[in-house]
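Here's the structure we're looking at; comments come further down.
The values are calculated or read from the model by the stated rules, or taken from the named source; none is laboratory data. None of these values were measured; they are calculated from a predicted model. Here the Cβ positions follow ideal geometry from the backbone for every residue, glycine too, while neighbour counts run over all protein chains shown. Areas reflect the complete protein model, heavy atoms only, side chains present, ligands, DNA and RNA absent. Shrake-Rupley method; radii C 1.70, N 1.55, O 1.52, S 1.80 Å.
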Amino acid sequence: MNKKTIICERLQRQRLTKPLEDRQDIKAYKQLFQKLQPVAPVFNSRPGEPPQLVHRIAFNDAFLSESIRKKHQLVKGRFQGGRIGYVLEDDLSLYSTIFRKPIPKMTGLQKEILSMIQQSGGISKNQLKEELPFKAREITAALKRLQEAFLVYELQIDTDWNTGWFDFKTEWPEIEWELDSTSAAAQMLLRFFDVMVFATLDQIKGWTQLKLKTIQGALTVLMEREAIVKLEVDGLGEGFVQKKDLDLTDNEMPQSVFMLDKSDYLVRADLDELKDRFKGSEVLQYLLIDGEWKGAVLGHWRIGPHDVEDVVLCLEEKEAEKRKDEIISAVRAGYPEETTRIVCFNGDQL
């Protein structure tokens with residue numbers, strides 16, 4: 001295997017180079033969603049916004065994912081270190097087993113909130129605030145912790161902020177969590193390798209946010225099954241790949257530029273490295289150029305329209321100038337000229 005082969009295959013499997021086009025093909029959409037879950041809402045979007053497979057779909061899929069969510073086929077939860085995300089209901093057992101954070105000893109407030117939710121058959125946060133003698137931030141923190149433990153779930157079917165909170169076990173009594181989540185993590189990592197093709201330990205840690213012990217246990221299980229192998233790839237380092245992918249052959253590398261935010265699947269896998277690379281800068285989004293992280297869009301985020309202060313690139317000056325229009329076009333897809341000014345390009349004022 002080599003770096004070029006891996007990157008080409010990764011772009012294809014993520015559907016970045018060939019996005020889904022058929023709005024009616026819900027089955028294909030769900031299959032892709034399943035590979036990329038947990039799927040988070042777009043970074044810095046309004047609370048309650050549906051999850052999206054940005055750049056993997058040739059149309060705005062917010063309406064499609066929202067329609068699936070309204071049918072209760074997408075479940076909102078806290079995964080990957082407590083981050084909000086959505087998984088298909090059919091896979092809720094797997095992902096809750098992996099990412100659940102049990103509460104060894106509940107506080108009085110947590111017990112009271114859980115009891116009220118169970119007795120009422122569902123209650124809103126506003127109702128909890130009205131009935132409990134606690135500060136709003138304390139109630140919010142308690143709900144978050146109960147949600148991380150998958151003791152409660154938030155019924156999000158639209159963008160309404162005042163959602164209902166329900167007892168998790170009442171809704172899904174059939175889900176029985178294993179004491180050891182290693183085998184479940186191994187099953188999830190196979191999906192991860194399937195769309196990443198090759199991944200280092202740092203990428204696995206970055207994307208999963210699991211404890212190193214859990215990750216190493218899952219990797220050991222997969223290596224013992226001979227499902228994956230460890231190898232060194234020039235330019236990518238030491239990592240893991242599925243055994244079935246060892247015979248991948250070279251494909252033509254497509255020229256491409258994608259602007260991806262901090263909720264994106266690929267960004268999450270490399271976020272620690274990206275933060276280090278652009279340390280000290282206010283990053284709005286990152287630029288994936290020909291399958292590699294080669295730039296960032298800088299600026300100060302605001303709720304309303306805001307300027308892009310600079311588009312910084314890790315490219316040779318000649319190549320940066322040659323691909324200037326292509327890169328600006330990718331940035332403009334997310335920051336239209338009507339609302340946003342791009343002040344600088346690679347340090348030079350526009």
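Okay, here's what the table says:
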{"read-out": "Computed log₁₀ I(q)/I(0) - Debye formula, equal Cα scatterers, no solvent, region 190-315, q 0.09, 0.13, 0.14 Å⁻¹", "value": "-0.32, -0.63, -0.72"}
{"read-out": "Where Ser263, Ser65 fall by accessible area, highest first, once all protein chains stay in place (1.4 Å)", "value": "Ser263, Ser65"}
{"read-out": "Unit Cα scatterers, Debye sum, the chain: log10 I(q)/I(0) for q = 0.09, 0.14, 0.16 Å⁻¹", "value": "-0.56, -1.26, -1.49"}
{"read-out": "Distance cut-off 20 Å, percentage of C-alpha pairs in region 252-350 lying past it", "value": "33"}
{"read-out": "Using alpha-carbon coordinates, inclination of helix 212-224 to the longest axis of the chain, degrees", "value": "70"}
{"read-out": "Mean projection area, nm², convex hull over Cα of region 261-312", "value": "3.7"}
{"read-out": "Folded to 0 to 90 degrees: helix 182-196 orientation relative to the chain principal axis, Cα", "value": "30"}
{"read-out": "Acute angle (nearest 10 degrees) that the helix 265-277 long axis makes with the longest principal axis of the chain, alpha-carbon atoms", "value": "70"}
{"read-out": "Debye log10 I(q)/I(0) for region 52-107, one point scatterer per Cα, at q = 0.17, 0.27 Å⁻¹", "value": "-0.66, -1.10"}
{"read-out": "For the chain, built as a Gaussian network whose Cα springs stay under 10 Å, the top-fluctuating residue of Pro41, Pro50, Pro19", "value": "Pro19"}
{"read-out": "Theoretical ellipticity at 222 nm over the chain - DSSP helices of four or more residues, -39500 (n - 2.57) apiece, nearest 500", "value": "-11500 deg cm²/dmol"}
{"read-out": "Inter-probe distance in nm under a simple model that places probes 7 Å from Cα toward Cβ, at Asn346 and Ser67", "value": "4.3"}
{"read-out": "Highest-MSF residue in the chain out of Pro173, Pro254, Pro305 [GNM, Cα springs under 10 Å]", "value": "Pro173"}
{"read-out": "Reciprocal of mean inverse Cα separation for region 123-176 (Kirkwood radius, Å)", "value": "11.9"}
{"read-out": "For region 25-134, diffusion coefficient by Stokes-Einstein and Kirkwood Rh (Cα), 10 °C, 1.306 mPa s, µm²/s", "value": "100"}
{"read-out": "Distance between region 190-250 and region 302-338 - C-alpha centres, whole angstrom", "value": "33"}
{"read-out": "Stretchable slack from Glu282 to Glu174, in nm (0.36 nm times residue separation minus alpha-carbon distance)", "value": "34.4 nm"}
{"read-out": "P(r) histogram, all alpha-carbon pairs of region 1-80 included - 5 Å bins from 0, percent", "value": "3, 14, 23, 25, 17, 11, 5, 3, 1"}
{"read-out": "Cα convex hull volume per residue for region 1-43 (Å³)", "value": "107"}
{"read-out": "Simple spin-label estimate for Lys211 and Arg191 in nanometres, 7 Å along Cα-Cβ", "value": "2.3"}
